[in-house]
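The values are calculated or read from the model by the stated rules, or taken from the named source; none is laboratory data. Keep in mind the model is a prediction, meaning the values are calculated, not measured. Every residue, glycine among them, receives a Cβ derived from its backbone with ideal geometry; neighbour counts consider all protein chains shown. Side chains included, ligands, DNA and RNA excluded: accessible areas come from the protein's heavy atoms. Shrake-Rupley method; radii C 1.70, N 1.55, O 1.52, S 1.80 Å.
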Amino acid sequence: MIEGENNLVDKARKGNSEAFGALYDYYLPKIYRFVLFKVSHKQQAEDITQQTFMKAWENVRTYKPQGYTFGSWLYRIARNSVIDYYRKNEPQVDIEEVSPEALGIDSSLIAKLEVKLDWEKILTAIGGLSEVEQDVLIMRFVEDLPHSDVAKAVQKSENAVKVIQHRALKKLKETLSKK
Amino acid sequence: MKEEHIIKQLSMLKNIQPDADFARSARTTILYRSEPTPVRFFGLTQSLSTTLSIGLVVMFFVFVALGGVATVFRTPLSPTFQGVDEQSLASEAGSINQTIDFHLNEVAYISGEEENALAMNAAPNTGDANSDKEIDLLLTQAKSY
């Protein structure tokens, strides 16, 4: 959560574009990564991310904190945008497209990884999980969101999120062990 | 592969950053080519859509209560109950009409006879009148004697 987020959100709700711009700068990488792992395509991820922030800006006046963060609200819009995208377009993800290069991931980052193969295997294995399992894993372990925020974003209870997380990790482990 | 290793790999994915040019152009597009929808307008559209939805549901229930599609396509002369044979109903109605006509004719005939009888009774008896004249004449003659 960005420092002074509540204040920025209040200003954004009053139509202050600078305040929304600050929220955009903070949340863009998070939402982009979330969408990228869901669609496994750089160009599509950029389109859906832009659409997500466009919807958020147009509807920011309707956002009511009510116990969950602005970030959870954004993730929820992103999830719906991905669902809408798949409803209109058939998912066409090739194993080759899942490679870090195809995703537009910096080569210096790939070099940091212990084994490049692990990276590709993990991305492919994540693609084999259900939508909600992917959401929970990405939000929990990539974005380090607390269970409560993940629960709000996926519209489930915290206990349900813990169960989904456990199940998703188990599946991922099994899939990776087979390869 | 251990669970810890998977989590470590996943956490490294947070180093992925969107393209800087994309981030800049998207920011401009979002903030300067669109604007937040006014709450009043949002509320109005919400209330209109809610009213419309309620109206449609009420109309649907009224439609179902009135008999649905069968009522809409029914002609005014169609039988009220489905499954009733129209031809048998028509012939039955025809025979009832005939019976009524027959009884009406009978009533007309009987009432005509009664009228004739009354007319007969009401008509002046010319025979009796003549006999009265004869009696008067005889009485007159007797007085003259």
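Listed values, structure above:
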read-out	value
Any hit, the stretch A:67-89, residues being within 12 Å of another protein chain (Cβ to nearest Cβ) and at pLDDT below 90	no
Some residue of the stretch A:30-49 being open to solvent by 30 Å² or more (accessible area, probe 1.4 Å), of a type in the set (Lys, Arg) and modelled with pLDDT of 90 or more	yes
Any pair with Cβ under 7 angstrom, 6 or more apart, that starts in the stretch B:82-100 at a residue that is within 25 Å of B:Gly67 (Cβ to Cβ) and ends at one that is modelled with pLDDT of 85 or more and open to solvent by less than 70 Å² (accessible area, probe 1.4 Å)	none
Residue ID - farthest from the other protein chains (Cβ to nearest Cβ), chosen from residues in the stretch A:4-29 that are open to solvent by 70 Å² or more (accessible area, probe 1.4 Å) and within 24 Å of A:Ala45 (Cβ to Cβ)	A:Tyr26
Sole exception among (1) within 17 Å of A:Tyr68 (Cα to Cα); (2) touching a His at 6+ places or on another chain (Cβ under 7 Å) for A:Lys162, by number	(1)
Test: A:Leu137 is open to solvent by less than 70 Å² (accessible area, probe 1.4 Å) and modelled with pLDDT of 90 or more	yes
